[in-house]
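Working notes, beginning with the structure itself.
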Amino acid sequence: MIKLTLISSLVLMMACNGTKETTAQVVEDMAQQNEMIAKGFTKGTIVYSDIEGDCEYTIKLEDGRFFESLDLKEHFMKDGLTVWFTYGPLRRMNKCTKANPIGIKEMVKG
C-alpha cells in the first residue's frame, strides 16, 4: 500500500511539472504569435503538390486560403513548414486555380 501511494505521488508530481512546462510553452508561443501579428506578419504553412497543373509550392493560411509566390526561397520549400511572412498582392494571372499570386517581402520559419 505504501509503495502504491509513493508511486502515485511520483506520477502526480511528474504530471504537474509537465503541465507547468507545457503551459509555459503555450504562453511563450502565444506571445510570439501576438508579436509577429503586431509586426504585420501572416502565419502560413508551406504545401507541396505534384498534381499536374497545380502550383508546386503554395502557402496555406489558417483560414484555408492559398497563396503562391514566384520568389519563394528554396530553403522554405519544405512541405508542412510553418512560416511567418509579409507580402503584397501581385497583379498577374494565377499559375494555379487554388492560389492567389503574392510577392513575399519577408519570411521567417515559424
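If you scan the range 98-110, which residues turn out to be in a loop (DSSP other than H, G, I, E, B) and under 17 Å from the mean Cα position of the chain (by Cα)?
Scanning the range 98-110 gives a single hit, GLY110.
How about the range 73-92: which of its residues are of a type in the set (Asp, Glu) and assigned to a loop (DSSP other than H, G, I, E, B)?
ASP79
Using beta carbons and a limit of 9 Å, which pairs, at least six apart or on different chains, have the first residue in the range 72-87 and at positive phi and the second one not acidic (Asp, Glu)?
From the range 72-87, the pairs are GLY80/THR45; GLY80/ILE46; GLY80/VAL47; GLY80/TYR48.
Would you please name the residue that is surrounded by the fewest Cβ atoms within 10 Å (Cβ to Cβ), looking only at residues in the range 65-92 that are farther than 22 Å from LYS39 by Cα and of a type outside the set (Asp, Glu)?
ARG91
Based on what the data block shows, is GLY110 within 20 Å of ASP29 (Cβ to Cβ), in contact (Cβ under 8 Å) with a residue 24 or more places away in the chain and open to solvent by 50 Å² or more (accessible area, probe 1.4 Å)?
The answer is yes for GLY110.
Check off (1) open to solvent by 40 Å² or more (accessible area, probe 1.4 Å); (2) not in a loop (DSSP other than H, G, I, E, B) for LYS95 and give me the number that stays unchecked.
With respect to (1) open to solvent by 40 Å² or more (accessible area, probe 1.4 Å); (2) not in a loop (DSSP other than H, G, I, E, B), LYS95 is out only on (2).
Given the conditions (1) closer than 19 Å to GLN32 by Cα; (2) surrounded by fewer than 18 Cβ atoms within 10 Å (Cβ to Cβ); (3) free of Cβ contacts under 8 Å to residues at least 60 places away in the same chain, report the number of the one that LYS105 does not fulfil.
Unmet condition: (1).
Can you tell me which residue within the range 29-49, out of those that are touching a residue at least 40 places away in the same chain (Cβ under 8 Å) and touching a Leu at 6+ places or on another chain (Cβ under 8 Å), is most open to solvent (accessible area, probe 1.4 Å)?
LYS43
Could you list all residues from the range 27-54 that are more than 24 Å from ASP79 (Cα to Cα) and in a helix (DSSP H, G or I)?
VAL27, GLU28, ALA31, ASN34, GLU35, ALA38
The values are calculated or read from the model by the stated rules, or taken from the named source; none is laboratory data. All figures in this text were calculated on a predicted structure; none of them were measured in a lab. So basically every Cβ, Gly included, is an ideal-geometry build from the backbone, and we count neighbours across all protein chains shown. Heavy atoms of the whole protein, side chains included, go into the accessibility calculation; ligands, DNA and RNA do not. Shrake-Rupley method; radii C 1.70, N 1.55, O 1.52, S 1.80 Å.
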